[in-house]
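Working notes for the structure below.
Derivation of every value follows stated rules applied to the coordinates shown; laboratory data play no part. All values derive from a computational prediction rather than experimental measurement. Backbone-built Cβ (ideal geometry, glycine too); neighbour counts: all protein chains shown.
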Amino acid sequence: DGQVVIDAENRVLPGLYAAGEVACVSVHGANRLGTNSLVDLVVFGRRAGNHMANFCQTSELLPLPKNPAEKVIAGFEAIRTGTGGIKAFNLRQEMQQSMTKNVGVFRTEETLTKGLEDLQNIRARFADIEIDDKGMLFNTDLLEAWELGCLLDLAEITTVSALARTESRGAHARDDYKDRNDENWLKHTLCFKEGDAYRLDYKPVTLGRYEPKPRVY
């Protein structure tokens, strides 16, 4: 129903919903083609909306903090007023090149480890970014710099998860582990950011009418 699962025990965070690709419903398994997310959008978008409306009508909503946006605004201001001299565009380009080279279609422990080292290096320099546009209106320079921080989170999550999964499955292809390993890896990866570190956990795949099959072309 669009509720966001927050741990391996399938507990949800009441009142938090997601639909579409961001929800990772996995109706296509590990082999969903890019941009082909209509089932996720149409089916679970409707289910999430209906459940959300019912939740608002029947639940006691918690009071909001006095200034709920304060932390987010402070993060934007830190970027807008930064004077470290490093350009977000250059870091973003460096991140993209490393991800393409080391965490792309074909992966190994060596390339994934190198990719993670690159990302950690970029992350360390991200604190010293400086943007040219200091304005408060329609500041795309600020927006792109802020997005870079989010992209670094996702890039690190992808790399850490891929490094731990010692098999090939769907679009995750490891040259050093070419076969699928259902005995050890027929499970969903859950990644939690705790401070500057990432913790991995897993939950089982719910199998229905159709059993998973090898990806053969």
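Please report the relative contact order for region 1-106, taking Cα pairs under 8 Å with a sequence separation of at least 6, and give it as a percent rounded to a whole number. All intermediate terms of the calculation are to be shown ahead of the outcome.
Working: 56 pairs, mean separation 23.4, N = 106.
Relative CO of region 1-106 lands at 22 percent.
Do any trypsin sites (Lys or Arg not before Pro) in region 101-175 lie in a loop, going by DSSP, with at most 15 other beta-carbon atoms within 10 Å of their beta carbon, and if so which?
Passing both the DSSP loop test and the Cβ count: Lys134.
Looking at the chain as a GNM with Cα springs under 10 Å, which of Phe76, Phe126, Phe138 has the largest mean-square fluctuation?
Maximum fluctuation in the GNM of the chain, among the listed residues, is at Phe138.
Once whole DSSP H runs in the chain are found, which of them have Cα atoms spread over 27 Å or more along the helix axis and a mean Kyte-Doolittle score of at least 0.0? Please list the in-between numbers first.
Values: long enough: 38-58 (29 Å, 0.29); 140-164 (36 Å, 0.93).
Those that clear 27 Å and a mean of 0.0 are 38-58, 140-164.
Quick one, what does Rg over Rh come out to for region 147-217 if you take C-alpha atoms and the Kirkwood Rh?
Result for region 147-217 is an Rg/Rh of 1.02.
Taking the alpha-carbon distance from Lys193 and a cut-off under 15 Å, which aspartates and glutamates remain once sequence neighbours fewer than 8 residues away in the same chain are dropped?
Cross-link targets: Asp7, Asp153, Glu156, Asp201.
Take the chain, mark every one of the GluC sites (Glu not before Pro) that falls in a DSSP loop and has at most 12 other Cβ within 10 Å, then report the longest stretch left between them, sites excluded.
Numbers: sites that count: Glu9, Glu60.
Segment 61-217 is the longest.
Going down the list Lys101/Lys213; Lys114/Lys134; Lys187/Lys213; Lys101/Lys203, which pairs span over 23 Å between their C-alpha atoms?
Lys101/Lys213; Lys114/Lys134; Lys101/Lys203
Counting only C-alpha contacts under 8 Å and six or more residues apart, can you give the relative contact order of region 66-217 as a whole percent? Please report the intermediate quantities before stating the final value.
Numbers: 162 pairs, mean separation 33.8, N = 152.
Relative CO of region 66-217 lands at 22 percent.
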